[in-house]
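Values in this text are rule-based calculations from the coordinates and carry no lab data. Every value quoted in this text rests on a predicted model; they were computed, and no experiment measured them. Because the Cβ atoms are built from the backbone with ideal geometry, glycine has one as well, and the counts that use them run over all protein chains shown.
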Amino acid sequence: MNDTLIKDERPMTASEAVAWYFDRAADQLELDPSKREMLKMPKREMTVEVPVEMDDGSLQTLVGFRVQHNNARGPMKGGLRYHWEVDLDEVRALASLMTWKTAVVNIPYGGAKGGICVDPRKLTRKELQRVTRKFIDQIHEIIGPDKDIPAPDMGTNSEVMAWMRNQFEKYHGFSPACITGKPVEDYGALGREEATGRGVGILAFKLLNRLGRRPQDIRVAIQGFGNVGSHAAKYMHESEFQIVAISDVSGGYYRADGINIPDALRYVIENKSLEGYKEADKISNEELLELDVEMLIPAALGGCITRNNAERIKAQFIIEGANGPVTAGADPILEAKGTIVLPDILANAGGVTVSYFEWVQNRQYYSWDLNRVRQQLDSVLSKAFEDVWQESTERKVSFRTAAFMIAIRRVVRATELAGI
Ligand code: GLU
């Protein structure tokens, strides 16, 4: 979702917004127009019908997508999202972000993304399983361990991945590396579930460290307390950041002297959401974004910081836990204000990085312990952060443009080496 008004005064779509970010970096690299066109266009887009029998015997027909953006650097990689706002344009945008994300952290993958337009909360577990299996029936020919490896995203989890793997194996035989983000006891990797949130925390810490600031002096607001937000909160609480606000679908919760994160995590496990959490003041999700804090972590849906609220954002640092939370309309406003934005393609890359570790373990039939996963994650993200920091300092560009520049350069190089 994007709100920069273009020629005909209509807001940019999500994929136009990614193309806009891409072009800013491509301008810096003086990339010629023909290469830009090749790199922007997805390699393949698949739209499929997903007919599913509901528990009451009725038939519902859903629509699913898999967009494979680029495979110059390796098999394509990216999550599957179950959400009622999923459409081809959004999946296209997210697929290209995966190409740039895997390139920034320098893991040997390209980019893809998929999804189904459905509200998973409205399905029973059995219906969800039937939808998932039907979807794999439709896309199994274009995915696989050396082609395109799906993983969880919003609305999907390790259990859904286990069904997918099982369905894929009905056609192709034993193949645990065909999907990542699986349950730990079923060829999953230790530390995969926490990886995206932990990565957000690690990178926030590195950024402050580089700037000579201490986490103890940083008040943080986190929007979204799902897989990304809750693990980021846990890691950052342990690293002594002051988390003063958190939120989920039930709204926002603010406490000036800091939220007791272990207590909030326990509350969510017991009650399924933060609804009714009494240890903090209730605020709205919108108010949370505009709080007087040093750091803001949008870790829910994309498109929440727009040209309409960007001016009111007080946080000096924004760490993009979600994909595409800052619209292209908001980005220049934040830049002019001096807000430091750690972009999604770096900030939330911890998840796909540990997906890569899972895939490596599956292919070697050898599992790593949690310490090894965490250490390797730290080392991959540190290297990526230093690369982006250096590019941004040397070229005097934002972290987002620097990250895109590094990624584009790597994909162009791989394409040239292969011979176009
Ligand atoms: N869905 C996650 C992302 O947006 C993870 C993708 C993966 O592990 O392949 O990065």
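Given in Å, the Rg to one decimal and the Dmax to the nearest whole number for the Cα atoms of the stretch 66-212 are 15.7, 54. If R0 equals 51 Å, the separation of the Cβ atoms of A256 and M54 corresponds to a calculated FRET efficiency of about 0.60. Please say if the stretch 206-364 is rounded, prolate or oblate, where rounded means a/c under 1.5 for a ≥ b ≥ c the square roots of the C-alpha gyration tensor eigenvalues, and otherwise the choice is prolate for a/b larger than b/c and oblate otherwise? It comes out rounded by the Cα gyration axes.
Using just its DSSP H runs of length 4 or more, each adding -39500 (n - 2.57), the chain gives a mean residue ellipticity at 222 nm of -14500 deg cm²/dmol after division by all residues.
Straightening the chain between D89 and M41 buys 16.1 nm, computed as 0.36 nm per residue apart minus the Cα-Cα spacing.
Shape summary of the chain, radius of gyration then Dmax from alpha carbon positions: 20.4, 62 Å. Could you tell me which of rounded, prolate or oblate describes the stretch 178-254, using a ≥ b ≥ c as the square roots of the eigenvalues of the alpha-carbon gyration tensor, with rounded for a/c under 1.5 and, failing that, prolate when a/b is larger than b/c and oblate otherwise? Because a/c hits 1.5 or more and a/b fails to exceed b/c, the stretch 178-254 counts as oblate.
Scaling against 2.2 N^0.38 Å puts the C-alpha radius of gyration of the stretch 351-420 at 1.40. Here each label is just a point 7 Å from Cα along the line to Cβ, and for T124 and E238 those points are 3.9 nm apart.
Computed extension length for W389-R372: 3.6 nm, one decimal, from 0.36 nm per residue of separation with the Cα-Cα distance subtracted. Classify the stretch 271-420 from the C-alpha gyration tensor, please: rounded if a/c falls under 1.5, else prolate or oblate depending on whether a/b exceeds b/c. Oblate, since a/c reaches 1.5 and b/c is not below a/b.
Taking G74, G199, G276 in turn, the Gaussian network model of the chain (Cα-Cα springs below 10 Å) assigns the largest fluctuation to G276.
Comparing T196, T339, T99 in a Gaussian network model of the chain where C-alpha atoms under 10 Å apart are linked, the largest mean-square fluctuation is found at T339.
Result for the chain in a Gaussian network model with C-alpha springs under 10 Å: among R198, R133, R266, the largest mean-square fluctuation is at R266. By the rule of a C-alpha distance below 17 Å, with chain neighbours fewer than 8 residues away ignored, the aspartates and glutamates paired with K337 are E290, D292, E294, E311. Taking 7 Å steps out from each Cα toward its Cβ at D281 and E169 produces label points 5.3 nm apart. Measuring gaps between exposed loop sites in the chain (chymotrypsin sites (Phe, Trp or Tyr not before Pro); DSSP loop; at most 10 other Cβ atoms within 10 Å), the longest gap, sites not included, is 175-364.
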